[in-house]
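Worksheet: one structure, shown below.
Derivation of every value follows stated rules applied to the coordinates shown; laboratory data play no part. Please read all numbers here as calculations on a predicted model, not as lab measurements. Cβ atoms come from the backbone with ideal geometry, glycine included; neighbour counts cover every protein chain shown.
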Amino acid sequence: MKNKIKAIIFDVGGVLALSKTPLIYHRGRYHNFGVHEYVVRKLRVSIDQYFDSIDTTYAKAFEGKLLKNQVLNIFSRNFKKSQKKIENIYKKAYKKNFKQNKQLFKQAFKLKKLGYKIAILSDQWYISQEVIMPERLYKKFSVVITSCNVGLRKPNPKIYRLTLKKLKIKPAEAIFIDNQDWNLKPAKKLGIKTILFKNNKELFKNKIWKNLFK
């Protein structure tokens, strides 16, 4: 390789798994509109009642502070539905609202063949990870860091340092690709090169990205 970059780190939601609907800002957090709109409709509750019922539990699920069964048990009590019913609704919501970015996966695996390490750094909870991160694709990555499995989430600088540690590289040897600017800022501060993902066309025209293939 002609440059010093050794690893490319990808976000999942909005990058490798493309969302069909935008994010909404509700009660101090960003949420995938399509996922929650689907769940609200299936549970037949108001949006406010829904967020009242999931608020702290959902956040703790992303941070790995509650196990999958604990989360489902709380949701089951709050919504008066069986755990299995709740799980199935969420799984269908993620399946309907995300699609794999096949074009970007192809490019990522090309980079791997060129000698780069490819990694994942993503905020997920157990059900979203099961649905939008199929093992057949993600087992090909050198390192996979998801918030629910490590007890940290973006933009906490510790999760970026952990990813670098697992990759055994320095910040300047990595590129991080994410679709949210607030997740890129901590990476930049650490010295990681960053790319704000908007779509494949924009990414593939990006000078930093193009230089990887030279």
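FRET efficiency for the Ala59 to Ser142 pair, using the beta carbon distance and R₀ = 30 Å, is estimated at 0.55. If the segment from Lys214 to Gln83 were pulled out straight at 0.36 nm per residue, it would be longer than the present Cα-Cα gap by 42.1 nm.
Shown for Ser53, Ser19: other C-beta atoms within 10 Å of each C-beta, ranked fewest to most, produce the order Ser53, Ser19.
Put a plus charge on the Cβ of each Lys and Arg, a minus charge on the Cβ of each Asp and Glu, and nothing anywhere else: the dipole of the stretch 23-97 about its Cα centre is then about 420 debye. Available extension along the chain between Val150 and Lys188 is 11.5 nm, counting 0.36 nm per residue and deducting the alpha carbon span. Mean residue ellipticity at 222 nm from the helices of the chain, using -39,500 (n - 2.57) per DSSP H segment of n ≥ 4 over the full residue count, to the nearest 500 deg cm²/dmol? That comes out to -15000 deg cm²/dmol. Can you give the FRET efficiency to the nearest 0.05 for Asp181 and Val45, using r as the Cβ-Cβ distance and R₀ = 35 Å? Step by step, r from the Cβ atoms, then E = 0.60.
Note on the stretch 23-97: percent of Cα-Cα distances in each 10 Å bin, starting at 0 and stopping at the bin with the largest distance, equals 19, 58, 23. Each of Arg136, Arg161, Arg77 was scored by other Cβ atoms within 10 Å of its Cβ. Arranged with the fewest first, they read Arg136, Arg77, Arg161. Note the full-extension length gain between Lys95 and Lys20 as 0.36 nm times their separation in residues minus their Cα-Cα distance, in nm to one decimal. Gain on stretching Lys95 to Lys20: 26.0 nm.
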